[in-house]
Amino acid sequence: CGEGGVREYIEEQISKHNLKSRVKLHNYTSDVESIYNQNDIFILPSRFEGFGIVQIEAASCGLPIIASELAITKELTTKYNYGELFEYNNPSSLAKVMLSMINKDLNYYSENAYIAAKDFEISKISYEWKMLFKNLMSN
């Protein structure tokens with residue numbers, strides 16, 4: 001979902017490889033949840049991520065995650081066991097993980113995704129920030 005500097009390139013690749021019937025690019029929307037809810041798995045093929053909020057957004061919709069093996073994706077995916085990782089910048093590794101997910105119980109990953117998302121609810125995060133500031137002020 002979204003716009004950006006590489007969208008035209010991505011559209012060219014979709015056309016070049018005859019993937020128009022299998023790949024859909026969505027325009028920017030403030031209702032990303034509705035897009036997540038139309039899918040069964042979320043793939044995050046990033047080459048870099050700061051925190052990876054998109055991963056948490058997808059998890060909050062119960063989507064199993066397939067992510068490139070970056071520090072933050074590895075940390076979250078391993079901690080919550082809500083998906084699988086593929087070798088960074090390796091399309092063959094991504095394809096292998098995608099094929100393996102076809103034969104797995106996605107409900108297991110989905111349940112774990114919902115559990116993970118609870119750790120990032122606004123009330124919990126705001127409480128943690130409040131406690132951090134309180135501790136800093138008392139020191």
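The values are calculated or read from the model by the stated rules, or taken from the named source; none is laboratory data. Since this is a predicted model, take the numbers as computed values, not measurements. With ideal geometry, Cβ positions are generated from the backbone for all residues, glycine too; neighbour counts draw on all protein chains shown. For the accessible areas, the whole protein counts, side chains as well, though only heavy atoms, and no ligand, DNA or RNA atoms are used. Shrake-Rupley method; radii C 1.70, N 1.55, O 1.52, S 1.80 Å.
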Problem - Residue within segment 41-51 that is free of Cβ contacts under 8 Å to residues at least 40 places away in the same chain, in contact with a strand residue (DSSP E or B) (Cβ under 7 Å, 6 or more places away or on another chain), part of a loop (DSSP other than H, G, I, E, B) and open to solvent by less than 90 Å² (accessible area, probe 1.4 Å) present - result: yes
Practice task
Determine, yes or no, whether LYS74 is of a type in the set (Lys, Arg), touching a helix residue (DSSP H, G or I) at 6+ places or on another chain (Cβ under 9 Å) and outside any loop (DSSP other than H, G, I, E, B).
Solution key: no
Exercise for the section: Considering every residue within segment 82-93, establish whether at least one is open to solvent by 60 Å² or more (accessible area, probe 1.4 Å), in contact (Cβ under 8 Å) with a residue 40 or more places away in the chain and aromatic (Phe, Trp, Tyr). Expected result: yes
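Here are some residues: GLN38, GLN55, GLN13. Which one is over 13 Å from the mean Cα position of the chain (by Cα) and under 24 Å from TYR82 (Cα atoms)?
Exactly one of GLN38, GLN55, GLN13 is over 13 Å from the mean Cα position of the chain (by Cα) and under 24 Å from TYR82 (Cα atoms), namely GLN38.
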Handout entry: Positions within segment 94-120 being open to solvent by 90 Å² or more (accessible area, probe 1.4 Å) and closer than 19 Å to SER60 by Cβ, in sequence order
Key = ASN107, TYR108, GLU111, TYR114, ILE115, LYS118
Exercise for the section: State yes or no: is MET131 more than 17 Å from ILE41 (Cβ to Cβ) and among the aliphatic types (A, V, I, L, M)? Expected result: yes
Problem - Test: residue in segment 67-74 that is closer than 15 Å to PHE120 by Cβ and surrounded by 13 or more Cβ atoms within 10 Å (Cβ to Cβ) - result: yes
